[in-house]
Amino acid sequence: MRRADLLIGIALLAFAAFYFQESSKITIGFAADRLGPKFFPQLLAAALGSAALALVWRSLRGRSDPEPLQPMRVRLFLWTVVSTLTYVLLLPSLGYLIATPLYLVAIILLLGYRNVAGLVATTAGVTAVLYLVFARTLHVLVPMGPLGR
C-alpha cells in the first residue's frame, strides 16, 4: 500500500463529495434545457470521485508504482501549467482573439512542433473555429479585450 496515494485518494474523494453536494444547490430557474445547469458540475464531481476511488483501490491493493517521471516531462508539465495560468490571467485584458493564439503557439512549441506554416494554420484555425462555435453559434460571451472596445 502506498500511503501518499491513499491519502490523496481520500482527500480527492472528500472534495468530490463536497463539490457534488454544493453543485446540487444550483437553482434550475426557467431553463428548458433537459440536462440543466447542475449536470456538468455533477458529472465532473462523479468523474473525480471515480478517479479517487480507483486511486484508493489501487493503493489498498498494493499495486506497484508507475515509473518515475523523467525530468523533461516534469519540466514540460510545469511549463504547461505556467502557460495555462498566464493565459487565464491575461485573457480578460488581452481578449480571446489575442490571448488564445499566443497560448496555442506557446503550447504547440512546448510540444516540439517547429513547422511555422503548420503552427500558424493550426493556431488560426483552432482560434477561429472555437470563436465561431462559442461566440457566434452558442452565444457565449468571450472576453474581447482591446478588440471589443
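Throughout, read-outs are computed from the coordinates displayed, never taken from laboratory work. What you are looking at is a predicted structure, and each value in this text was computed from that prediction instead of being measured. Neighbour counts run over all protein chains shown; Cβ positions are idealised from the backbone, glycine included.
Key figures for this structure:
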| item | result |
| --- | --- |
| Using a Förster distance of 35 Å, the FRET efficiency for Leu89-Ala51 (Cβ separation, nearest 0.05) | 0.80 |
| Estimated 222 nm signal from helices in the chain, with DSSP H stretches of n ≥ 4 weighted -39500 (n - 2.57), rounded to 500 | -23000 deg cm²/dmol |
| Loop-located chymotrypsin sites (Phe, Trp or Tyr not before Pro) in segment 74-149 whose Cβ has at most 13 other Cβ within 10 Å (DSSP) | Tyr113 |
| Extreme residue, positive dipole direction of the chain, given options Leu12, Gln70, Leu48 (C-beta unit charges) | Gln70 |
| Positive-end extreme of charge dipole, the chain - chosen from Thr127, Trp79, Val142 (charges on Cβ) | Trp79 |
| Charged-residue dipole, Cβ positions (Lys, Arg, Asp, Glu), the chain about Cα centre, Debye nearest 20 | 140 debye |
